[in-house]
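Reading through the structure tokens given below for one structure.
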Amino acid sequence: MNVTKTGWAAAMAIALAGLGLGLAVAADDKPYQVAEGNKVDKTTLEGWRTWRALACERCHGARQEGMVGPSLIESLKQLSKDEFKQSVLKGRVEKGMPNFDGSKMVVENIDGLYAYLKGRSDGAIQPGRLEEL
């Protein structure tokens, strides 16, 4: 059987989809899945819950548009995921950002926190209460 590269890639995509792999990354490589602006995948929902539990809005604002701390809506347009993780986990003490690498909740949900804030920055996730897809 002679399978072209395109045919092979399509066959693999169909096979993987058939396995029902519940990956949290959307088809367009976004780290979140969202519907109707407030329904998100489980990982992103846990990131939102982490945001709320740690009261990050005290510095970054309830809509992530900044207060004492910078606007995360703007920051996440420029920061890579690795840069974001570094900033949150190690802090930016000289700018008033504490480190959160000692917080079990943050460490366990750092990918979800990034997904939530990236979704807000992209305009895909609306401010306010979220629920699971």
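Numbers below:
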| quantity | calculated |
| --- | --- |
| Count of residues meeting criterion [of a type in the set (Gly, Ala, Ser) and in a helix (DSSP H, G or I)] in region 80-121 | 5 |
| Tally of residues being open to solvent by 60 Å² or more (accessible area, probe 1.4 Å), over 19 Å from SER103 (Cβ atoms) and in a helix (DSSP H, G or I) across region 52-79 | 1 |
| Among (1) touching a residue at least 60 places away in the same chain (Cβ under 8 Å); (2) buried (at least 20 other Cβ atoms within 10 Å of the Cβ); (3) out of contact with any Ser or Thr (no Cβ under 6 Å at 6 or more places or on another chain); (4) outside any loop (DSSP other than H, G, I, E, B), the one test that ARG49 misses | (2) |
| Checklist (1) crowded, with 19+ Cβ neighbours inside 10 Å; (2) in contact with a Ser or Thr (Cβ under 7 Å, 6 or more places away or on another chain) applied to MET105, failing item | (1) |
| Residue satisfying all of: in region 89-117; over 15 Å from TRP51 (Cα atoms) and of a type in the set (D, E, K, R); nearest to the chain's Cα centre (by Cα) among these | LYS90 |
| In region 52-86, the residues that are over 16 Å from GLY112 (Cβ atoms), of a type in the set (Gly, Ala, Ser) and free of Cβ contacts under 8 Å to residues at least 60 places away in the same chain | ALA55, GLY61, GLY66, GLY69, SER71, SER75, SER80 |
| Index of the failed condition, LYS30 passing every other in (1) modelled with pLDDT of 95 or more; (2) surrounded by 13 or more Cβ atoms within 10 Å (Cβ to Cβ) | (1) |
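This table checks each residue for (1) modelled with pLDDT of 95 or more; (2) touching a strand residue (DSSP E or B) at 6+ places or on another chain (Cβ under 8 Å); (3) among the small types (Gly, Ala, Ser); (4) closer than 26 Å to GLU36 by Cβ.
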| position | (1), (2), (3), (4) |
| --- | --- |
| PHE100 | yes, no, no, no |
| MET105 | yes, no, no, no |
| ASN109 | yes, no, no, yes |
| GLY119 | yes, yes, yes, yes |
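The values are calculated or read from the model by the stated rules, or taken from the named source; none is laboratory data. This is a predicted model, so every value here is computed, not measured. Every residue, glycine among them, receives a Cβ derived from its backbone with ideal geometry; neighbour counts consider all protein chains shown. SASA here: full protein model, heavy atoms, side chains in, ligands and nucleic acids out. Shrake-Rupley method; radii C 1.70, N 1.55, O 1.52, S 1.80 Å.
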